[in-house]
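Enquirer: Questions regarding the structure given below will be posed in turn.
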Amino acid sequence: MDQNTDKAIQIMTEFAERTGLSSDHPPKRYVWTDAFAVCNFLALYRRTHDETFKDLALRLVDQVHHVLGKHREDDPRTGWISGLAEADGEKHPTRGGLRIGKKLNERKPDEPFDDRLEWDREGQYYHYLTRWMHALNRVSRATGEVMYNNWAIELARNVHDRFTYTPSSGGPKRMYWKMSIDLSRPLVPSMGHHDPLDGFITYQQIQTTAVKLFNKPPESILNREIADMATICEGRNWATDDPLGLGGLLSDACRVTRLIIKGSFSPHSLLETLLDASLTGLNVYARQNHLELPADYRLAFRELGLSIGLRGVAIMDGLIGENPTLFASDKLALRVASLKEYLPMVEKVEEFWLKPENREARSWTEHVDINSVMLATSLVPDGYLRL
């Protein structure tokens with residue numbers, strides 16, 4: 001095994017122990033972190049052929065559903081957040097969405113909004129749910145079990161209409177950023193910058209799996225939801241200099257490249273748009289020299305999000321080179337070549353956060369689970385970036 005795989009095994013083994021996945025510690029679940037963790041375990045299974053890692057991925061899916069698919073212990077409500085009876089909830093664990101996994105319970109309807117407290121309060125985030133759809137899709141493709149992709153489709157269908165809405169003043173549909181646990185009311189009404197983009201690409205991904213792997217007719221899956229997201233995405237500028245957002249754009253571009261190759265994604269213009277937005281943001285981010293700061297002034301998971309996305313650039317470069325008839329545009333090749341100039345950032349970020357002294361900083365220890373898991377994803381990105 002290579003060094004990156006060895007390091008990722010150590011990180012993910014410690015994560016499983018620390019969060020109650022492979023130990024008798026109380027389960028400590030968080031949708032975003034666990035979505036990346038599922039993909040990491042699948043990557044390690046693929047690299048080592050050790051069934052232990054596949055079992056951990058499946059056990060984590062089950063634990064997330066039984067913890068975050070149900071109401072909190074300090075909530076007067078009990079059972080599945082979908083409201084389904086116990087037996088039906090077992091069959092459809094994603095029908096009501098998934099709680100984030102925050103420390104504090106959600107804000108009550110009559111409670112005033114507090115911007116600082118809201119970050120620590122429970123609810124549902126759309127961009128966390130799309131990450132979980134992606135993780136379920138990866139499990140289906142890795143195991144050949146249709147059930148996991150079906151759960152991803154159910155999740156997409158049942159949260160889509162709760163998070164999207166038509167403004168009372170008219171105009172195109174928009175999205176809420178954060179909803180209540182039962183999806184009955186928005187907790188933060190503003191729209192996440194990349195939320196509709198995440199939805200549009202993720203819906204296409206899970207529909208492609210249903211059609212090509214499990215032979216389902218596309219009109220029976222997510223055509224309406226995909227059309228909705230396409231409308232919301234129309235004409236938007238995706239550029240950002242936030243490293244986590246940049247990483248998301250690059251990861252999305254990698255997924256779009258793969259979907260084009262699979263013949264299930266036709267608008268090549270979206271790929272060019274994503275690469276242009278990424279180049280714009282990277283140019284700004286690189287000039288800010290954030291990667292020269294000491295650990296206390298940096299957030300590892302945001303930098304590692306960028307590192308993961310940049311790992312996707314090398315994958316895109318290979319895929320485009322292997323499929324010249326599909327990607328005949330010289331402009332596309334030039335964009336990818338320009339992005340490759342930023343690849344040294346990957347090693348710089350990984351080496352910094354692999355140093356034990358930097359992992360003693362509060363900025364690491366206060367977010368140890370998400371930081372650790374995303375470092376492992378950057379080291380073994382194939383679990384997350386493969387379709």
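The values are calculated or read from the model by the stated rules, or taken from the named source; none is laboratory data. Please read these numbers as outputs of a predicted model, since none were measured by experiment. Quick reminder, even Gly has a Cβ in these numbers, built from the backbone with ideal geometry, and neighbours come from all protein chains shown. Ligands, DNA and RNA are excluded from the accessible area calculation, which covers all protein heavy atoms including side chains. Shrake-Rupley method; radii C 1.70, N 1.55, O 1.52, S 1.80 Å.
Conditions (1) among the aromatic types (Phe, Trp, Tyr); (2) touching a Gly at 6+ places or on another chain (Cβ under 7 Å); (3) closer than 19 Å to residue 269 by Cα, marked per residue:
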| site | (1), (2), (3) |
| --- | --- |
| 301 | yes, no, no |
| 305 | no, yes, no |
| 313 | no, no, yes |
| 316 | no, no, yes |
| 321 | no, no, yes |
| 331 | no, no, yes |
| 345 | no, no, no |
| 349 | no, no, no |
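Enquirer: For segment 305-322, name all the residues that are touching a Leu at 6+ places or on another chain (Cβ under 7 Å), open to solvent by less than 40 Å² (accessible area, probe 1.4 Å) and under 30 Å from residue 367 (Cβ atoms).
Expert: Within segment 305-322, the first condition is being touching a Leu at 6+ places or on another chain (Cβ under 7 Å), and the residues that meet it are 305-306, 309-315, 320.
Adding the requirement that they be open to solvent by less than 40 Å² (accessible area, probe 1.4 Å) leaves 305-306, 309-310, 312-313, 320.
Listed by number, the residues that qualify are 305, 306, 309, 310, 312, 313.
Enquirer: Name the helices (runs of 4 or more DSSP H) wholly within segment 1-96 that hold at least 2 residues that are in contact with a His (Cβ under 8 Å, 6 or more places away or on another chain)? If you could, list the steps in order and put the result at the bottom.
Expert: Details: elements: 3-18, 31-48, 51-68, 86-91.
Because the criterion is at least 2 residues that are in contact with a His (Cβ under 8 Å, 6 or more places away or on another chain), the helices (runs of 4 or more DSSP H) in segment 1-96 that meet it are 3-18, 31-48.
Enquirer: Every residue in segment 155-170 that is under 19 Å from residue 208 (Cα atoms) and either open to solvent by less than 30 Å² (accessible area, probe 1.4 Å) or at pLDDT below 95 (or both), please.
Expert: If we filter segment 155-170 for residues that are under 19 Å from residue 208 (Cα atoms), which is where we start, we get 155-158, 160.
Matches in segment 155-170: 155, 156, 160.
Enquirer: Under 19 Å from residue 13 (Cβ atoms), hydroxyl-bearing (Ser, Thr, Tyr) and surrounded by fewer than 18 Cβ atoms within 10 Å (Cβ to Cβ): does that describe residue 325?
Expert: On the way: under 19 Å from residue 13 (Cβ atoms): no; hydroxyl-bearing (Ser, Thr, Tyr): yes; surrounded by fewer than 18 Cβ atoms within 10 Å (Cβ to Cβ): yes.
Considered against the rule, which asks whether it is under 19 Å from residue 13 (Cβ atoms), hydroxyl-bearing (Ser, Thr, Tyr) and surrounded by fewer than 18 Cβ atoms within 10 Å (Cβ to Cβ), residue 325 comes out as no.
Enquirer: Something else: Regarding residue 99, is this residue at pLDDT 95 or above, charged (D, E, K, R), open to solvent by 20 Å² or more (accessible area, probe 1.4 Å) and not in a helix (DSSP H, G or I)?
Expert: On the way: at pLDDT 95 or above: yes; charged (D, E, K, R): yes; open to solvent by 20 Å² or more (accessible area, probe 1.4 Å): no; not in a helix (DSSP H, G or I): yes.
No, not satisfied.
Enquirer: Let me ask something additional. Is it the case that some residue within segment 122-133 is over 16 Å from residue 62 (Cβ atoms) and open to solvent by 40 Å² or more (accessible area, probe 1.4 Å)?
Expert: First pass over segment 122-133, keeping only residues over 16 Å from residue 62 (Cβ atoms): 122-131, 133.
Now drop any that are not open to solvent by 40 Å² or more (accessible area, probe 1.4 Å), which leaves none.
Scanning segment 122-133, I find no residue that is over 16 Å from residue 62 (Cβ atoms) and open to solvent by 40 Å² or more (accessible area, probe 1.4 Å), so the answer is no.
Enquirer: For segment 304-387, which helices (runs of 4 or more DSSP H) that fit wholly inside it have 2 or more residues that are among the hydroxyl-bearing types (Ser, Thr, Tyr) and touching a residue at least 24 places away in the same chain (Cβ under 8 Å)? Can you show your working first?
Expert: Working: elements: 330-340, 344-354, 362-365, 368-379, 382-385.
Ranges flagged: 368-379.
Enquirer: Does residue 262 satisfy the condition of being among the basic types (Lys, Arg) and more than 22 Å from residue 385 (Cβ to Cβ)? Spell out the reasoning first.
Expert: Working: among the basic types (Lys, Arg): yes; more than 22 Å from residue 385 (Cβ to Cβ): no.
Answer is no for this residue.
Enquirer: Could I ask something else about it? Could you say which residue among 64, 38 is buried (at least 24 other Cβ atoms within 10 Å of the Cβ) and closer than 23 Å to residue 121 by Cα? Quick ask: steps written out before the conclusion?
Expert: Numbers: 38 fails: closer than 23 Å to residue 121 by Cα.
Answer to the check: 64.
Listed here are the residues, each with its yes/no results for (1) in contact with an Asp or Glu (Cβ under 8 Å, 6 or more places away or on another chain); (2) of a type in the set (Val, Ile, Thr).
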{"site": "301", "(1), (2)": "no, no"}
{"site": "311", "(1), (2)": "no, no"}
{"site": "328", "(1), (2)": "no, no"}
{"site": "335", "(1), (2)": "yes, no"}
{"site": "338", "(1), (2)": "no, no"}
{"site": "349", "(1), (2)": "yes, yes"}
{"site": "353", "(1), (2)": "yes, no"}
{"site": "379", "(1), (2)": "yes, no"}
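Enquirer: Step by step: first the residues of segment 197-220, then only those that are of a type in the set (A, V, I, L, M) and open to solvent by less than 10 Å² (accessible area, probe 1.4 Å), then the one that is farthest from the chain's Cα centre (by Cα). Which residue is that? So that I can check it myself, show each step before the final result.
Expert: Pass one, segment 197-220, residues of a type in the set (A, V, I, L, M): 197, 201, 206, 210-211, 213.
Checking the rest, the ones that are also open to solvent by less than 10 Å² (accessible area, probe 1.4 Å) come to 197, 201, 206, 210.
Numbers: 197: 12, 201: 11, 206: 13, 210: 19 Å.
Taking the candidates together, the pick is 210.
Enquirer: Does residue 91 satisfy being more than 18 Å from the chain's Cα centre (by Cα), under 17 Å from residue 133 (Cα atoms), of a type in the set (D, E, K, R) and at pLDDT 95 or above? Before the answer, list the steps.
Expert: Working: more than 18 Å from the chain's Cα centre (by Cα): yes; under 17 Å from residue 133 (Cα atoms): yes; of a type in the set (D, E, K, R): yes; at pLDDT 95 or above: yes.
Here the answer is yes, as residue 91 does meet what is asked.
Enquirer: Got a number for residues in segment 190-211 being closer than 21 Å to residue 166 by Cβ and either modelled with pLDDT under 95 or among the small types (Gly, Ala, Ser) (or both)?
Expert: Residues meeting the conditions: 3.
Enquirer: Still on this model: Determine the pairs where a residue that is free of Cβ contacts under 8 Å to residues at least 40 places away in the same chain, located within segment 176-198, has a partner that is open to solvent by 10 Å² or more (accessible area, probe 1.4 Å) with Cβ atoms under 7 Å apart, the partner being 6 or more residues away or on another chain.
Expert: That search, which allows pairs on different chains as well, returns 186/176; 189/176; 190/177; 191/174; 191/177.
Enquirer: Looking at (1) in contact with a Pro (Cβ under 8 Å, 6 or more places away or on another chain); (2) open to solvent by less than 50 Å² (accessible area, probe 1.4 Å), which is the only condition residue 298 fails?
Expert: The single condition residue 298 does not satisfy is (1).
Enquirer: Given 156, 152, which one is in contact with a Phe, Trp or Tyr (Cβ under 7 Å, 6 or more places away or on another chain) and within 19 Å of residue 219 (Cα to Cα)?
Expert: Values: 152 fails: in contact with a Phe, Trp or Tyr (Cβ under 7 Å, 6 or more places away or on another chain).
Step by step, each of 156, 152 is checked, and only 156 is in contact with a Phe, Trp or Tyr (Cβ under 7 Å, 6 or more places away or on another chain) and within 19 Å of residue 219 (Cα to Cα).
Enquirer: For segment 144-172, give me each residue that is over 24 Å from residue 184 (Cβ atoms), among the hydrophobic types (A, V, I, L, M, F, W, C) and in contact (Cβ under 8 Å) with a residue 12 or more places away in the chain.
Expert: Selection gives 146 alone.
Enquirer: Could you tell me which residue of segment 177-196 is nearest to residue 121 (Cα to Cα), considering only residues that are over 16 Å from the mean Cα position of the chain (by Cα) and among the small types (Gly, Ala, Ser)? Break it down stepwise before answering.
Expert: If we filter segment 177-196 for residues that are over 16 Å from the mean Cα position of the chain (by Cα), which is where we start, we get 179-191.
Subsequent filtering for residues that are among the small types (Gly, Ala, Ser) retains 180, 184, 190.
On the way: 180: 10, 184: 16, 190: 16 Å.
Of everything passing the filter in segment 177-196, 180 is nearest to residue 121 (Cα to Cα).
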